[in-house]
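What follows is a single structure, written as structure tokens, with notes after it.
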Ligand code: AMP
Ligand code: MG
């Protein structure tokens, strides 16, 4: 199969919508990362997504909508707190897990009785959903296990020959996937996967905000988890990644001890970094910049053929927890204190 790289004009989106209507899978931009889009109501279309990604079939797909009312037919009920969240954070990078209605096939929900629903802010995504006339299932558009794609080039690298088309809408503005939450009791929110919408943001709605254990700890493969994606190997470049807890004033000395095939990823360039044997890549000096750069960096390490990379611990606050969650998995939870 030839993979066509489309732009994001109305004509391009119309073409992509025709493919979706025909049961095909299309690369779709969102504000978080690129997704692999297909008709969420069609079991065979969802199966094609799993096949293109090489994704385990018990790892559920998020279903995307382009107007609030679309959620009504997709879930059994919507608690008041979910309505509040949708008012405050939609359209945007938030996925809410709710009991699924019968029209969502188990092929889409990964066999679960629940479904994650998201209303993206990206206009190309919204137009594609609208023109397709169906809710769209869309996981991140990477091969299972690889870093998520934040531009059309990344999708092409992973999906060339596996899907018929990709809509190119430039770089994703956020760079890490949506926050996934479920609800507990009348007014509890549990974060299953952190994202741009943070625990601090949910505190504006309720003081009962819980962070699932799987967010910052490793989960055994055979363990039952609230968010199935957490048990799988994730975001891993070929390069061996380690997180370092290190004071700024020790950075230059540590970097000086590293060999040519190694990279150190730091908030800003280290002084005189051109004199280092190792490569020095920039992570960014805010949590938002680190979120936007993370997946690009993980791919760049492989392009540069680095065999080892040290990342400084992600900055805390806001989207920082999402960066740490992804990086911990990329690093197979290796954190060292220097
Ligand atoms: P991705 O599609 O790559 O962004 O990953 C979606 C992730 O969202 C999955 O791996 C799950 O961890 C989580 N998720 C999606 N739907 C559900 C659900 N119904 N229940 C719990 N977690 C979900
Ligand atoms: Mg993913």
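Nothing in this text is a laboratory measurement; each read-out follows from the coordinates by a stated rule. Note that the structure is a prediction, hence the values are computed from the model and not measured. Here Cβ is always computed from backbone atoms with ideal geometry, including for glycine, and neighbour counts include all displayed protein chains.
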With label points built 7 Å along Cα→Cβ from the Cα atoms of residue 11 and residue 217, find their separation and express it in nm.
-> 5.6
In terms of the ratio Rg/(2.2 N^0.38 Å) built on C-alpha atoms, what value belongs to the chain?
-> 0.99
Return the FRET efficiency for the residue pair residue 208, residue 102: r is the Cβ-Cβ distance, R0 is 35 Å, and the value is rounded to the nearest 0.05.
-> 0.70
PRE zone check, label point 7 Å out along Cα-to-Cβ of residue 272, amide N under 19 Å, scope region 237-261, hits 248-260
Picking from 278, 151, 126, which is most flexible by a Gaussian network model of the chain using Cα springs under 10 Å?
-> 278
Whole-Å distance, taken between Cα centres, linking region 182-201 and region 1-69 = 26
For the chain, the longest principal axis of the Cα atoms and the Cα long axis of helix 287-303 enclose an angle in degrees, to the nearest 10, of 80
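Let's test the formula: R0 of 41 Å, r as the Cβ-Cβ distance of residue 240 and residue 44. What FRET efficiency results, to the nearest 0.05?
Numbers: r = 39 Å, r/R0 = 0.94.
Efficiency, from the Cβ-Cβ distance: 0.60.
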So the angle from the long Cα axis of helix 123-132 to the longest Cα principal axis of the chain, reported in degrees to the nearest 10, equals 30
What 222 nm value per residue comes from the helices of the chain, counting each DSSP H run with n ≥ 4 as -39,500 (n - 2.57) and dividing by all residues, nearest 500 deg cm²/dmol?
-> -8000 deg cm²/dmol
What is the order of 234, 64, fewest Cβ neighbours within 10 Å to most?
-> 234, 64
Select from 175, 111, 214 the residue whose mean-square fluctuation is largest in a Gaussian network model of the chain (Cα-Cα springs shorter than 10 Å).
-> 111
On Cα atoms only, tilt of 10-21 relative to the major axis of the chain in degrees | 70
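Considering Cα pairs under 8 angstrom that are at least six residues apart, work out the relative contact order of the chain and quote it in whole percent.
On the way: 782 pairs, mean separation 64.9, N = 338.
Relative CO of the chain lands at 19 percent.
Where the eigenvalues come from the Cα gyration tensor of region 12-76, what are the semi-axes √(5λ) of the equivalent ellipsoid, largest first, in whole Å? Intermediate results must be reported in sequence, preceding the final value.
Numbers: eigenvalues 63, 54, 33 Å².
One finds semi-axes of 18, 16, 13 Å for region 12-76.
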May I ask you to sort 1, 321 by Cβ crowding, counting other Cβ atoms within 10 Å and putting the fewest first?
-> 1, 321
Among region 43-83, those whose backbone N falls under 13 Å of a label point 7 Å along Cα→Cβ from residue 18 are none
Compute the FRET efficiency between residue 76 and residue 171 as 1/(1 + (r/R0)^6), taking r as their Cβ-Cβ distance and R0 = 45 Å, and round to the nearest 0.05.
-> 0.75
Inter-label distance for residue 252 and residue 160, nm, one decimal - labels placed 7 Å from Cα along Cα-to-Cβ | 4.2
Specify the residue with the greatest mean-square fluctuation among 274, 290, 18, computed from a Gaussian network of the chain linking alpha-carbon atoms under 10 Å apart.
-> 274
Find how much the distance from residue 58 to residue 2 grows on full extension, using 0.36 nm per residue of separation minus their present alpha carbon separation; answer in nm with one decimal.
-> 17.3 nm
